[in-house]
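Novice: Below you'll find the structure I mean.
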Amino acid sequence: MNETVKNSIKWSVSIAVITFVLAAIFSVTSNMVLNGVAWFTGLVVVLIIVFIGIFFDMLGIASTAADETPFHAMAAKKVYGAKYSIKIVRNADRFASFCNDVIGDISGIISGTASAIVLVQLAVSFHLKGGSLKEYIISVTLTSIIASLTVGGKALGKTFAITYSKDIIFRVGKVLQFLEDRFHIVLIKDKKDKKDKNKKKGFKREKQNI
């Protein structure tokens with residue numbers, strides 16, 4: 001099987017597993033927070049989830065829009081976070097997939113579920129009857145507000161991501177570099193390193209054959 005296809009399958013399976021785990025964590029956490037709280041607090045939680053989705057969508061777009069060249073000059077001067085910024089840009093396809101598809105889609109699904117819980121809380125607080133006109137109006141209004149905030153926020157985030165892609169990725173690079181240095185958590189592996197390792201393996205095989 002082609003090496004590219006193998007890597008693609010591995011990435012798809014791993015990202016599916018990660019999505020499953022994160023979706024479960026998000027869902028359980030949001031339900032625990034929303035359970036028994038007032039509708040206003042629940043609405044704040046929904047907005048936080050929406051803004052998490054917008055924020056990560058912006059990061060994903062920034063990684064695809066950023067240019068690798070400026071970070072090389074910064075890395076040459078040993079600027080903290082520059083090397084990790086290069087890693088992000090080189091792996092922009094996977095980084096964007098995680099930010100936009102995994103976190104972004106999970107946030108969208110969880111915010112919808114959380115909105116339904118808030119709607120129930122509103123109905124209980126204001127003694128609204130199920131299927132009444134008031135409940136219907138509140139339901140449509142709340143859904144429309146969440147949808148407009150999500151779409152409008154992502155549109156604004158995309159503009160910022162494209163305009164300030166270098167600054168955004170550099171700051172993310174600093175954070176990821178800190179996590180790696182302090183806690184030894186390697187979140188992104190450099191594609192170039194993988195290619196070099198594969199070349200070395202191929203060279204060794206050729207030597208053995210000779």
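Derivation of every value follows stated rules applied to the coordinates shown; laboratory data play no part. Everything numeric here is computed off the predicted structure, so don't read it as measured data. FYI the Cβ positions are ideal-geometry reconstructions off the backbone, even for glycines, and counts take in every protein chain you see.
Novice: Using only DSSP helix segments of four residues or longer, with each worth -39500 (n - 2.57), what per-residue ellipticity at 222 nm results for the chain after dividing by its residue count and rounding to 500?
Specialist: Estimated from H runs of four or more residues: -28000 deg cm²/dmol.
Novice: Can I ask one more? What is the percent of Cα-Cα separations in region 62-162 that go past 24 Å?
Specialist: 48 percent
Novice: Can you find, among Ser132, Met58, Gln121, the residue sitting farthest towards the positive end of the charge dipole of region 55-136, where Lys and Arg contribute +1 and Asp and Glu -1 at Cβ?
Specialist: Comparing the listed Cα positions along the dipole, Met58 ranks first.
Novice: Enter the mean projected area of the convex hull around the alpha-carbon atoms of region 1-79, in nm², rounded to one decimal.
Specialist: Taking the Cα atoms of region 1-79, their convex hull projects to 8.7 nm² on average.
Novice: Within region 102-129, which residues have the backbone N less than 20 Å from the label spot 7 Å out from Leu47 along Cα→beta-carbon, could you tell me?
Specialist: 107-123, 125-126
Novice: Based on the Cα atoms of region 56-98, what semi-axes does the equivalent ellipsoid have, where each is the square root of 5 times one gyration tensor eigenvalue, given in whole Å with the largest first?
Specialist: Each semi-axis is √(5λ); the values are 20, 9, 8 Å.
Novice: Which residue, chosen from Leu43, Ala82, Ala24, occupies the Cα position most advanced towards the positive end of the dipole of region 19-95, where the dipole is computed from +1 (Lys, Arg) and -1 (Asp, Glu) charges on Cβ about the Cα centre?
Specialist: Farthest towards the positive end: Ala82.
Novice: Turning to a different aspect of this structure: Against the longest principal axis of the chain, how steep is helix 191-209, in degrees 0 to 90 to the nearest 10, with axes from Cα atoms?
Specialist: 40 degrees
Novice: Relative to the first principal axis of the alpha-carbon coordinates of the chain, what is the inclination of helix 133-163, with its axis defined by its Cα atoms, in degrees from 0 to 90 and to the nearest 10?
Specialist: Its long axis makes an angle of about 20 degrees.
Novice: How big is Rg to Rh over region 87-127, alpha-carbon atoms, Rh as the Kirkwood inverse-mean-distance radius?
Specialist: That ratio equals 1.38.
Novice: Starting with the highest mean, order 93-102, 57-66, 9-18 by the number of other Cβ atoms within 10 Å, averaged over the residues of each peptide.
Specialist: Ranking, from highest mean packing down: 57-66, 93-102, 9-18.
Novice: Here is a further query. Nearest 10 degrees is fine. How inclined is helix 165-183 to the longest principal axis of the chain, computing both from alpha carbons?
Specialist: Result, in degrees: 80.
Novice: Can you give the extra length, in nm with one decimal, that the chain gains between Arg171 and Ser12 once fully stretched, where that is 0.36 nm per residue apart less the Cα-Cα distance?
Specialist: Extending this stretch completely gives an extra 54.5 nm.
Novice: Rg and Dmax of the chain, using alpha carbons, in Å: what are they?
Specialist: Computed over the Cα atoms of the chain, radius of gyration and Dmax are 22.2, 83 Å.
Novice: Anything over 18 Å Cα to Cα? Flag those among Lys83/Lys189; Lys10/Lys166; Lys83/Lys166, in the order listed.
Specialist: Exceeds cut-off: Lys10/Lys166.
Novice: Oh, and also: Mind giving me the FRET efficiency for Ala73 and Val28? R0 is 41 Å, r the Cβ-Cβ distance, nearest 0.05 is fine.
Specialist: Efficiency at R0 = 41 Å is approximately 0.35.
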